[in-house]
Amino acid sequence: MDLSALALSTGVVALAEMGDKTQLLSLMLASRYPKQALAIIGGIFIATIANHACAAFLGHWLTTFMSPDLLRWILGLSFLGIGLWLLVPDRIDDAAGSRVADRALSVFMLTVGLFFLAEMGDKTQIATIALGAKYTDVFSVTVGTTLGMMMANAPAVWIGQKFTKRLPIQWVHILAAISFIAIGITTLIWA
């Protein structure tokens with residue numbers, strides 16, 4: 001296991017997820033189904049593993065047919081783009097669908113579906129693709145990004161809206177943006 005890939009993937013995704021639409025989705029599901037926190041967290045976990053494993057493999061696969069110079073530019077610019085994208089706050093539409101029965105399996109399945117779809121094209125999924133291309137250990141990237149997502153979303157479910165009221169989300173976004181921009185510049189200069 002590549003510990004640097006694991007640590008970097010965990011850290012940048014946890015920061016990037018703060019205030020993200022999927023974290024807002026976690027808050028919404030927790031407020032809608034307050035007795036189903038474990039089902040929601042389990043659904044987030046399964047959806048994240050599936051989504052991020054595919055994204056990390058895609059990133060790794062892209063390295064097989066791109067020249068190192070082209071890949072370096074794509075990765076560097078991708079990290080810079082993600083860093084700038086983090087400065088734009090996310091909002092979630094209340095299009096979560098109809099209310100399901102307040103049963104664990106129903107809430108779990110709803111969470112898996114909604115979370116998987118909400119993560120498509122999201123900055124954390126794109127970051128996972130870039131991290132999968134940067135590191136050869138796809139497993140470490142997948143575990144790291146999943147841990148980062150869980151670090152951001154499990155507390156959102158457990159603590160609910162109090163979680164985001166106590167954290168200055170704008171500062172978290174700025175810190176995450178600086179991290180991605182620094183990774184992008186480093187990739188462009190020293191990769």
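A compact table of results
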| read-out | value |
| --- | --- |
| Residue order, fewest to most beta carbons within 10 Å, for E17, E119 | E119, E17 |
| Neighbour-count order for F180, F139, fewest beta carbons within 10 angstrom listed first | F139, F180 |
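Since every read-out is calculated from the coordinates, none of them should be taken as a lab result. Computed from a predicted model, the values in this text were never measured in an experiment. Using ideal geometry, Cβ is built from the backbone for each residue, glycine included, and neighbour counts are taken over all protein chains shown.
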